[in-house]
1. Pick from LEU173, LEU192, LEU54 the residue whose mean-square fluctuation is largest in a GNM of the chain, springs joining Cα atoms under 10 Å.
2. If one computes the Cα centroid of the stretch 153-224 and of the stretch 41-90, what distance in Å separates the two points?
3. With 5 Å bins from zero, work out the P(r) of the chain over every alpha carbon pair and list the percent per bin.
4. Given a cut-off of under 8 Å on Cα pairs at least six residues apart, what relative contact order in percent is computed for the chain?
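No value in this document is a laboratory result; all are computed from the given coordinates. This structure is a prediction, so every number in the text was calculated from the model and none was measured.
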Amino acid sequence: MDVHNDLWKKEDGIDFGETPRDLYDNNLSYLDRALSRFISWLKEEGLYDRTVILFTSDHGEQFWEHGASLHGHTVYEEEIRIPLILSAHGIRNRFETVPAIAADMAPTVADLAGFSINPPYDDPHMGISLVPLIMGKEKQRYLERDVAGRASFKRRYFLYRNWEWKLVYFAELDLLQLFNVIKDPLEKNNLLAEEPELAAELEQELLEYLKTVESKTYRPTLYK
């Protein structure tokens, strides 16, 4: 947790400066070097070639891009975009244009370990194995999926449609926003007025899904 909140400059990290973002980057470099030492240890012990390494994070960080700092309070890209590096012996593949979600990790590791899930767990909102993608057998399924999520500390949700359109819903404020994150990755242009039918469709899908997984019913603002 020493690189989570209340950041301080680590001696084993790169000195970028004194601003909050500089301290954050210093801590990232500290983690990077710690991971390097861990990888070296695995190789020295003869464990590297039979170890699956999954490097990721539980969230990003805000630096006032959308009026807040830290994390867990909104669902904008700077908070929910995280790294994902999966290293396994015999697998050499790289994808920079196919997003994944944290919930994909558990079924992926289980699949790599040779375990099957019975009955098959196949909810793309909640996570699917990435092994078919990694092995080059399937790609389109991962590009065409609707993914839902929420902020840690507030009733704020998002729904992606095919990784292009993103609906943001602040339940406590009855606030909806619609972004095209391909054309507008910084989420500066709310397209709710320009795409009302798409927004209503996504709102209906999100609210019906929340009713299923959280047993909560929210009042729609767009669809009837």
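1. LEU173
2. 25
3. In whole percents, the pair-distance histogram is 1, 6, 12, 15, 16, 16, 14, 11, 6, 3, 1, 0, 0.
4. Working: 296 pairs, mean separation 24.3, N = 224.
With pairs under 8 Å counted, the relative contact order is 11 percent.
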